[in-house]
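Each value in this text was obtained by applying a stated rule to the coordinates, not by laboratory testing. The model shown is predicted, which means the values in this text are computed figures rather than measured ones. Cβ coordinates were reconstructed from backbone atoms using ideal geometry, including for glycine residues, and neighbour counts include every protein chain displayed.
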Amino acid sequence: MDKRYQPDLFEDKIYRDWEKSGTFTPKAKGEAYSIIMPPPNANDPLHIGHACFVTLEDIYARFERMRGKSVLWLPGTDHAGIETQYVFEKRLKKEGKSRFDFDRGTLYRMIWDYVEENSGTAIKQMKKLGASADWSRTKFTLDKDVVAMVVDTFKKLYDDGLVYREVRLVNYCTSCGTAFSNLEVKHVERVSPLYYMKYGPFTLATTRPETKFGDTAIEVHPDDKRYQKWIGQEVEVKGLAGKFKMRVIADRRVDRKFGTGVVKVTPAHDFNDFDVYLKHKKEVPGPKQVIGFDGRMNQLAGKYQGLKVMEARKAVVADLTKRGLMEKVDETYRNTIGVCYRCGTTIEPLPLPQFYIKVKPLTQRALRALKEKKVKIFGAGYDKILNHWLKSLDDWNVSRQIVWGIRLPIWYEADKNPEVEVKFLNKDKKLISDQVGELLKNYSLAEIKRGLQSLRAPLTAKFTVSPTSPGENFLQETDTFDTWFSSSQWPLVTLKTSRFKDDFKRFYPTSLMETAYDILIFWVMRMLFMGLYLTGKVPFEKVYLHGLIRDEKGQKMSKSKGNVVDPVEVIQKYGADALRMALVIRSTAGRDKNVGDDDIRGMRNLTNKIWNAARFVIVSNNTHSEHSRSGVAPAAHSGSDSDLKDEKFKKELSGVVKQITDQLEAMKPGLAAETVYFYFWHWFCDECIEQNKQGKISPLALIKGLRVFLKLLHPFVPFVTEAVWRQLPKTEEKLLIGAQWPA
RNA sequence: GGAUCCUUAGCUCAGCCGGUUAGAGCGUCCGGUUUACAUCCGGAAGGUCGUAGGUUCGAGUCCUACAGGAUCCACCA
């Protein structure tokens with residue numbers, strides 16, 4: 001054995017041996033234990049967060065496998081709809097192209113090919129980390145059978161009356177070209193000048209003067225003495241685009257102290273104002289959209305048509321000022337605005353018909369399951385947060401205006417819905433845009449279908465929900481599902497579509513869901529209620545939420561800060577075991593952890609310590625055996641003193657085994673890692689081996705102790721322990737991964 | 001505005017179903033190399049466990065208030 005442990009000499013070979021041995025596949029018999037891996041983005045290389053989940057899940061897979069359970073750790077990758085399309089579009093842009101140059105079928109295939117090129121990387125890297133997942137069961141979220149089940153789920157929801165189509169204001173990113181759910185909008189504080197402008201007989205304060213062309217009413221507080229006489233009246237407003245008549249309505253939501261106590265109502269471009277419209281439907285006209293989905297003012301904005309929102313604001317402010325209609329401007333006013341979590345563009349509230357899922361009936365069951373402890377959350381305070389969300393969740397907008405995803409199984413009959421708006425590339429690759437009724441006069445439906453880019457059906461359009469085309473004459477909705485809609489069914493879908501027919505029966509509900517706390521609401525919550533809806537059972541019994549990995553100073557890692565720890569580089573430098581141990585030791589559920597080079601180096605030292613302790617114990621044991629064979633027992637090792645010490649050693653050792661087993665069972669892997677580290681180094685090495693040198697503990701007891709420690713250490717540092725294991729005289733399992741956990 | 005979490009050695013953090021002298025890693029200081037490991041060993045310094053109350057025979061560990069910090073959520077134009 002070398003003087004030092006050199007990970008790169010062992011890791012790849014050991015991993016291949018594990019794979020060949022078939023231990024990653026669940027045994028035919030034994031108590032079932034299952035973990036569904038959170039599918040990483042198929043298109044992204046591994047980052048430190050992945051290394052964290054791989055380590056934690058692998059610890060439990062190995063631990064339970066060694067305890068004799070039939071362990072399934074099922075891996076997969078995610079198509080990551082918006083993320084991936086966003087990245088792909090950036091590439092297109094570099095080539096001077098955009099998604100509008102392609103029909104949706106072609107674009108989809110292009111992204112598919114692009115993702116396929118990269119999809120092996122993440123899996124290869126997880127293997128580098130030692131992940132003992134069953135790769136033969138790997139699933140991709142756009143696999144045919146997965147798509148079929150997701151679509152079926154939507155149909156079931158629809159048949160159960162839990163799906164509806166509605167025009168509401170959506171969170172629309174004009175840069176990504178799609179709507180988002182509320183959860184995907186980030187709120188940031190910005191300076192938004194507050195403009196006090198003259199408005200008919202009033203002065204009102206607004207941060208969005210450019211939306212004035214979409215105003216449909218004026219609103220005051222019902223008890224506001226200043227404006228009593230106007231309530232219910234129609235007033236005339238002379239603005240930049242001629243004269244308008246507008247009704248003054250009263251609502252308690254108006255804050256009399258803010259601005260002048262007068263609010264303009266713009267239902268097409270403000271969430272509050274849309275609610276006001278719904279509440280005062282009888283008094284005010286419907287939403288009047290003046291900003292298009294391209295983020296530019298439309299024809300209703302008169303001479304401002306074609307300007308981007310911010311340009312229009314500038315122009316409108318300038319014109320109002322010129323005409324003396326601007327009373328004052330508060331330039332320091334700050335408010336929070338929504339921005340796209342992906343690209344940071346200001347979210348534009350726009351009216352759009354979308355498909356919504358009614359969540360109340362679903363969340364009720366999840367709340368009950370939580371209350372009855374059918375599922376237990378590990379992570380500081382996150383059970384409360386989950387509970388709070390389940391109680392207050394809004395209906396779920398699942399429509400996305402992107403190509404990279406699962407298309408909604410919604411069909412519009414072309415003849416019967418002539419007002420459906422269609423964009424498509426004709427045979428000459430020219431983009432044509434019009435209502436389908438008009439288009440059919442000049443084009444065949446087949447040509448439209450072939451070049452289809454997107455369609456937008458009015459709310460009144462009749463549709464059919466069907467997994468396959470209901471007939472020749474139908475056009476399929478071009479919206480795709482929110483990625484989280486398919487992810488929400490992941491534990492169920494992966495097991496149901498498995499090529500092993502028993503998997504669902506054997507492994508559902510799964511034993512453990514392990515993921516980062518930042519997707520508790522996006523993913524875990526939705527899996528919980530969808531799993532309950534589809535199977536009547538919780539999808540997982542335990543949820544372990546790990547924290548974010550930060551740099552040694554506690555700063556978030558980011559490319560711009562240049563403090564990103566690349567797991568692959570770390571593995572090359574210190575070995576996979578060192579990285580794994582550094583990530584997990586002293587970590588606590590739900591809390592962020594700082595990891596720096598020092599931490600990893602410290603754990604590299606542990607792997608070397610394991611190696612060298614083994615080196616000593618093995619040599620010492622061999623020497624002892626030789627003495628035995630020659631019939632000359634070394635004097636120091638004989639006598640009752642040594643036997644007595646051996647007994648004490650064994651007793652303490654079994655105490656250590658119990659402690660670590662208990663900590664792992666209690667979902668405290670960070671503490672278990674620390675315990676095993678401490679007892680191995682400071683007890684086994686510093687005390688027991690030293691005592692052996694003085695002849696107080698026998699080499700035989702020591703080598704038995706080493707075997708136990710290798711097993712205890714194995715889930716945390718699988719490579720070095722396996723490397724040492726093969727240096728030991730063969731007494732039990734050939735591979736440590738298949739050995740039995742000490743009792 | 002609401003919610004959650006945190007405050008323990010110079011730094012980063014464990015420990016908390018309450019129970020003898022409060023731990024680790026890194027760092028600092030002193031000493032050590034006749035072969036398991038200098039990626040090491042032995043030893044030392046360093047903490048009134050945020051503040052103030054309370055519960056208790058006994059509290060970093062439970063409760064309350066306060067202070068400071070972090071994060072998440074929220075429609076004041």
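The range A:261-365: Rg/Rh from Cα coordinates, Kirkwood Rh?
Using Cα coordinates only, the ratio equals 1.03.
For A:L548, which sequence-distant residues (separation of 5 or more, or a different chain) have an amide H within less than 5 Å of its own amide H, given hydrogens modelled in the peptide plane?
A:D592, A:K593
Could you give the distance between the Cα centres of the range A:136-152 and the range A:388-463, to the whole Å?
24 Å
What Kirkwood Rh does chain A have if only Cα atoms enter the pairwise 1/r average? Answer in Å.
29.8 Å is the Kirkwood radius here.
What do you get when you divide the Cα radius of gyration of the range A:519-586 by 2.2 N^0.38 Å, with N the number of residues?
The value comes to 1.58.
Please name whichever of A:Y544, A:V595, A:W611 sits farthest to the positive end of the charge dipole of the range A:478-631, dipole taken about the Cα centre and charges placed at Cβ: Lys and Arg +1, Asp and Glu -1.
A:W611
Sorted by mean Cβ packing within 10 Å, highest first, what order do the peptides A:460-470, A:704-714, A:409-419 take?
The peptides rank, most packed first, as A:704-714, A:409-419, A:460-470.
Do the sum for chain A: with -39,500 (n - 2.57) for every DSSP H run of n ≥ 4, divided by all residues, what is the mean residue ellipticity at 222 nm, to the nearest 500 deg cm²/dmol?
So the helix-based figure for chain A works out to -12000 deg cm²/dmol.
Which ordering of A:M66, A:M603 is given by a fewest-first count of other beta-carbon atoms within 10 Å?
Fewest-to-most Cβ neighbours within 10 Å comes out as A:M66, A:M603.
With a sphere of radius 12 Å drawn around the Cβ of A:W681, what net charge do the other residues whose Cβ falls strictly inside it have (Lys, Arg +1; Asp, Glu -1)?
-2
Hey, what does the equivalent ellipsoid look like for the range A:456-583, semi-axes from the Cα gyration tensor as sqrt of 5 times each eigenvalue, largest first, whole Å?
Its equivalent ellipsoid spans semi-axes of 39, 23, 15 Å.
Among the complete DSSP H segments of chain A, which ones combine at least 18 Å of alpha-carbon extent along their axis with a mean Kyte-Doolittle hydropathy of -0.5 or more?
A:48-66, A:144-159, A:309-322, A:699-713
Give the shape of the range A:647-743 as rounded, prolate or oblate, defined through the alpha-carbon gyration tensor: a ≥ b ≥ c are the square roots of its eigenvalues, a/c under 1.5 means rounded, and otherwise the shape is prolate if a/b is larger than b/c and oblate if not.
In terms of gyration-tensor shape, oblate.
What is the packing order of peptides A:208-218, A:516-526, taking the mean over residues of other C-beta atoms within 10 Å and listing the highest first?
Descending mean neighbour count gives A:208-218, A:516-526.
Which value, in debye to the nearest 20, describes the size of the charge dipole of the range A:377-427 about its Cα centre when Lys and Arg Cβ atoms bear +1, Asp and Glu Cβ atoms bear -1, and nothing else is charged?
240 debye
Size of the dipole of the range A:472-612 about the Cα centre, Lys and Arg at +1 and Asp and Glu at -1 on the beta carbon, nothing else charged, in debye to 20?
For the range A:472-612, the charge dipole is close to 600 debye.
Please compute the net charge surrounding A:Y33, taking Lys and Arg as +1 and Asp and Glu as -1 over other residues with Cβ under 9 Å from its Cβ.
Taking every other residue near A:Y33 into account, the sum is +1.
List the lysines whose alpha-carbon lies under 23 Å from that of A:K505, not counting same-chain residues fewer than 8 positions away?
Leaving aside lysines fewer than 8 places away in the same chain, those within reach of A:K505 are A:K27, A:K29, A:K69, A:K139, A:K144, A:K156, A:K373, A:K374, A:K376, A:K496, A:K537, A:K542.
Taking the Cα centre of chain A as origin, work out the dipole magnitude from +1 charges on Lys and Arg Cβ and -1 charges on Asp and Glu Cβ, in debye rounded to 20.
840 debye
Could you work out how much longer the chain between A:V188 and A:E687 gets when fully extended? Use 0.36 nm per residue separation minus the Cα distance between them, nm to one decimal.
174.0 nm
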